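K.L.:
I'd like to ask some things about the structure below.
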Amino acid sequence: MPNFASLSEGAHLRDVFRRFPRGVTPLLHLHDDVLRRDSELSVADRELIAAWVSGLNQCRFCFGAHRVMAEAFGVSMDLIDALFADLDTAPVRPELAELLRFSRKLTLEPERVVRSDTQALLASGWSESAVYDAVMVVSLYAFMNRLVQATGIVPGAEYEKPDAAALEQRRRGGYADWGRREGLIADKQESARPIID
């Protein structure tokens, strides 16, 4: 049962955003900017980091949603399970494993992140821009995980075994497009309006 009395049992993130619309439009655009714009990190890498952070934060809803998103962009669910079982032995590219270690530290022990952590990432082949993009994903999901956990929403069955059509839908468009389909963003003109005039 959600933690807010105005949300019904089985409420989804769309229901939270309908009930509390403040900031939804810029938040969905931020998702597109962080997770879909051109980056040295692929969309699959960024969605994997979103799932990784959400799992570390024990946010079942965001973990389920981004585990499916990662799968839609080519990440095996078996790989995600292997990462959580043991990052050191999971069959993942060495440079991505290094980025996931850094993301884990930034998620669980942010006060302990130091320059040598960034230097290790640069030594593994990532650029500063790629590291910053990873930091943006970790930071966005620190925010989203807390929002979801505070409202008490839980994942639905759609995240258990998505079919090919569900995965294809996730590959098309972006987060603001989802917001428009769900009626959370009124139209393209409104969604493009600057926050400060």
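Since every read-out is calculated from the coordinates, none of them should be taken as a lab result. Only a predicted model underlies this, so the values are computations on that prediction, with no experimental measurement involved. Every residue, glycine among them, receives a Cβ derived from its backbone with ideal geometry; neighbour counts consider all protein chains shown.
K.L.:
If you rank 101, 67, 19 by fewest surrounding Cβ atoms within 10 Å, what's the result? Mind dumping the intermediate values first?
P.N.:
Details: 101 16, 67 24, 19 13.
Fewest to most other Cβ atoms nearby, the residues stand as 19, 101, 67.
K.L.:
Let me ask another. What FRET efficiency, computed as 1/(1 + (r/R0)^6) with R0 = 45 Å and r the Cβ-Cβ distance, is obtained for residue 73 and residue 6, rounded to the nearest 0.05? Spell out each step's value before the answer.
P.N.:
Details: r = 34 Å, r/R0 = 0.76.
Once rounded, the FRET efficiency stands at 0.85.
K.L.:
Where does the chain land at 222 nm, in deg cm²/dmol rounded to the nearest 500, when only DSSP H runs of n ≥ 4 count, each adding -39500 (n - 2.57), divided by all residues? Kindly include the intermediate steps, with their values, before the conclusion.
P.N.:
On the way: 11 runs with 123 residues, N = 197.
Calculated from helices alone, the mean residue ellipticity at 222 nm is -19000 deg cm²/dmol.
K.L.:
For residue 171 and residue 19, FRET efficiency with R0 = 30 Å and r from the beta-carbon atoms, rounded to 0.05? Don't jump to the answer; show the numbers that get you there.
P.N.:
Values: r = 29 Å, r/R0 = 0.95.
Efficiency for this residue pair is about 0.60.
K.L.:
Next question, about the same structure. Once the dipole of the range 1-153 is set up with Lys and Arg at +1 and Asp and Glu at -1 on Cβ about the Cα centre, which of 48, 147, 80 lies farthest towards its positive end?
P.N.:
Value computed over the given set: 147.
K.L.:
Give me the percent relative contact order of the chain, please, defined on Cα pairs under 8 angstrom at least 6 residues apart.
P.N.:
Numbers: 218 pairs, mean separation 68.0, N = 197.
Worked out over the chain, it gives 35 percent.
K.L.:
Continuing with this model, one more query. As a footprinting exposure proxy, order 34, 53, 114 by other Cβ within 10 Å, with the fewest listed first.
P.N.:
Fewest to most other Cβ atoms nearby, the residues stand as 114, 34, 53.
K.L.:
Sticking with this structure for a sec: Need the full-extension length gain, residue 146 to residue 109, defined as separation in residues times 0.36 nm minus the C-alpha distance. One decimal, nm.
P.N.:
Numbers: separation 37, 0.36 × 37 = 13.32 nm, distance 1.60 nm.
Stretched fully, the residue 146-residue 109 segment lengthens by 11.7 nm.
K.L.:
Please give the residues of the range 54-72, grouped as numeric ranges, whose backbone N is less than 18 Å from a label point set 7 Å along the Cα-to-Cβ vector of residue 164.
P.N.:
Residues passing the 18 Å test: 71-72.
K.L.:
Quick one: if you stick a label point 7 Å off each Cα along the C-beta vector at residue 88 and residue 33, how many nm between them?
P.N.:
For residue 88 paired with residue 33, the spin-label model returns 3.9 nm.
K.L.:
Out of the range 28-117, which GluC sites (Glu not before Pro) are coil in DSSP terms and have no more than 15 other C-beta atoms within 10 Å?
P.N.:
Working: sites: 40, 47, 71, 95, 98, 111; in loops: 40.
Qualifying residues, ordered by number: 40.
K.L.:
While we're looking at this one, here's another question. Over its Cα atoms, what ratio of radius of gyration to 2.2 N^0.38 Å does the range 110-152 give? Mind dumping the intermediate values first?
P.N.:
On the way: Rg = 13.3 Å, N = 43, 2.2 N^0.38 = 9.2 Å.
Dividing the Cα radius of gyration by 2.2 N^0.38 Å gives 1.45.
K.L.:
Let me ask something else about it. Might you report the magnitude of the Cβ-based charge dipole of the chain about its Cα centre, with Lys and Arg at +1 and Asp and Glu at -1, to the nearest 20 debye? Intermediate results must be reported in sequence, preceding the final value.
P.N.:
Working: 24 positive and 29 negative charges, 110 e Å.
The calculation lands at about 520 debye.
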